[in-house]
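These notes are about the structure you will find just below.
The values are calculated or read from the model by the stated rules, or taken from the named source; none is laboratory data. None of the values given here were measured: they were computed from a predicted structure. No Cβ is skipped: glycine too gets one built from the backbone with ideal geometry, and neighbour counts run over all protein chains shown. Only protein heavy atoms, including side chains, enter the accessible area calculation; ligands, DNA and RNA are left aside. Shrake-Rupley method; radii C 1.70, N 1.55, O 1.52, S 1.80 Å.
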Amino acid sequence: MGSGVSSLFADLDVEVETDAPIGQQTWYGIGGRADLLVHPRSVGDLATLVRRCVRSDTPLRVLGAGANLLVADEGVDGVVLRLDAPPFTEVLYNARGAVETMRAGAGADLARVVMDATRRGLEGLSQMAGIPASVGGAVHMNAGGAYGAIGDSVHSVACLTRAGEVVVYPREELRFGYRETNLPDPVILWAAFSLEETDPLRLRERVKEIFAYKKSTQPLAEHSAGCAFRNPLDPVSERRLSAGKLIDEAGLKGLAVGGATVSTRHGNFVTVRPGTRADDVLRLLDLVRERVFAHCGIELEPEIAIWRRGERTP
Ligand SMILES: Cc1cc2nc3c(=O)[nH]c(=O)nc-3n(C[C@H](O)[C@H](O)[C@H](O)COP(=O)(O)OP(=O)(O)OC[C@H]3O[C@@H](n4cnc5c(N)ncnc54)[C@H](O)[C@@H]3O)c2cc1C
């Protein structure tokens, strides 16, 4: 490791893995490695690291659960953060009369958070049943679906700015749009949610029903990163069109490049066999965009985050 790079964190309480196989840690289970995978152990040291990366123009990326991510075969440079130490994964409940606020670290596993809230009979996150994510990753892109999105119950979000300062955004300052938010900062630290007490048994039934719906419509057991493309805006009605339907209508279900295939179950899912090259997925995504454009004149935009070496990070 070059002394220039190690000076970013040599005096900090962080665990550093070099040449880390992060592609294998995504839901796709394919793709390249990270030059540096850094696990910070405190918010203070993470803040210092973020500040130093920004000042030295070192690329900085945050890896959540890797459920919406494709890492290019050549891997990524700079620093990849993984928020898996206790200060970033804890979940706290705070009763305020009949309404509770729950605060979950960005690195917490969303499925566990949903299960725990359900067990306590607290409604607000049942719409997220069956969506694989870390809390930070889900907030970053306002993950959701037919039953609602995570932003529906967000009370506030804490982030680290590029200057390494902690900022807490109250609900009034947050905008949750279709698979996007207005959060301007590189790292989400935690999100607080407003939850309402309800009957735990009825809530459990609702979560089961939502999960069953997802299972019946999406290839959950296969390796994918969820929906490959964003639902595009209809230029006439300005309503969102289903990217999956456009792909289906263009006759692309089952189309394959190498080990990457357009799912026959859901046209907007690209699934892979173990050992597939990330490049096959990228080529298939290009092919689908071309063919959908040729079929209906609509340009699809990827929903999946694609990480490539040498690319500037947002
Ligand atoms: C089988 C399957 C089904 C899916 N179904 C759905 C669905 O129904 N609805 C839906 O919306 N999505 C769905 N997805 C996609 C995925 O679940 C969501 O996009 C989820 O929000 C990804 O979260 P993550 O933690 O895995 O993020 P990652 O994939 O790790 O990262 C995605 C992006 O978020 C950023 N990010 C992650 N954590 C942070 C943080 N702490 N601070 C700042 N940025 C961060 C990353 O840098 C990256 O740009 C599905 C995926 C799979 C594999």
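Structure data summary
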quantity: Whole-number Å³ per residue for the convex hull built on Cα positions in segment 239-300; calculated: 72 Å³
quantity: For the chain: relative contact order, % (alpha-carbon pairs under 8 angstrom, 6 or more apart); calculated: 18 percent
quantity: Qualifying aspartates and glutamates (Cα of each under 16 Å from Cα of residue 208; at least 8 residues distant if same chain); calculated: 116, 123, 199
quantity: Segment 56-151 - percent relative contact order, Cα under 8 Å, separation 6 or more; calculated: 23 percent
quantity: Per-residue HN-Hα couplings for segment 77-87 [Karplus 6.51, -1.76, 1.60; θ = phi - 60°; Hz; x = Gly/Pro]; calculated: 8, x, 10, 10, 9, 10, 8, 10, 7, x, x
quantity: For segment 244-250, 3J(HN,Hα) per residue [Karplus equation, 6.51 cos²θ - 1.76 cosθ + 1.60, θ = phi - 60°, Hz, x = Gly/Pro]; calculated: x, 5, 4, 5, 4, 5, 7
quantity: Quotient of C-alpha Rg and 2.2 N^0.38 Å, computed over segment 151-239; calculated: 1.44
quantity: Rounded to whole Hz, the Karplus (6.51, -1.76, 1.60) HN-Hα couplings of segment 284-291, x for glycine and proline; calculated: 5, 4, 4, 5, 5, 4, 4, 5
quantity: Label point 7 Å beyond Cα of residue 74 along Cβ direction - residues of segment 44-62 with amide nitrogen under 16 Å; calculated: 59
quantity: Highest to lowest packing among 189-201, 233-245, scored as the average C-beta count within 10 Å; calculated: 189-201, 233-245
quantity: Qualifying aspartates and glutamates (Cα of each under 17 Å from Cα of residue 214; at least 8 residues distant if same chain); calculated: 205, 222
quantity: Summed residue charge, Cβ within 12 Å of residue 224's Cβ, Lys/Arg positive, Asp/Glu negative; calculated: 0
quantity: Convex hull volume per residue for segment 89-217, taking Cα atoms only, in Å³; calculated: 94 Å³
quantity: Cα-based equivalent ellipsoid of the chain: semi-axis lengths in Å, sorted from largest, via gyration tensor; calculated: 30, 28, 17
quantity: Fraction of accessible area attributable to carbon and sulfur, segment 210-314 (%, probe 1.4 Å); calculated: 50 percent
quantity: Share, in percent, of DSSP beta bridges within segment 3-86 that are antiparallel, nearest 5; calculated: 45 percent
quantity: For segment 192-239 and segment 64-89, distance of Cα centres in Å; calculated: 23 Å
quantity: Two-decimal Rg to Rh for segment 3-86 - Kirkwood Rh, Cα set; calculated: 0.96
quantity: Among 128-139, 221-232, the order from most to least packed when residues are scored by Cβ within 10 Å on average; calculated: 128-139, 221-232
quantity: Debye, to nearest 20: dipole size of segment 198-314, +1 on Lys, Arg Cβ, -1 on Asp, Glu Cβ; calculated: 400 debye
quantity: Accessible area expressed per residue, the chain, with surrounding protein chains retained (probe 1.4 Å, Å²); calculated: 48 Å²
quantity: Under-5 Å amide H pairs with residue 240, H placed in peptide plane, nonlocal only; calculated: 234
quantity: Packing-based ranking, highest mean first, of 40-46, 62-68 given that Cβ atoms within 10 Å are counted; calculated: 62-68, 40-46
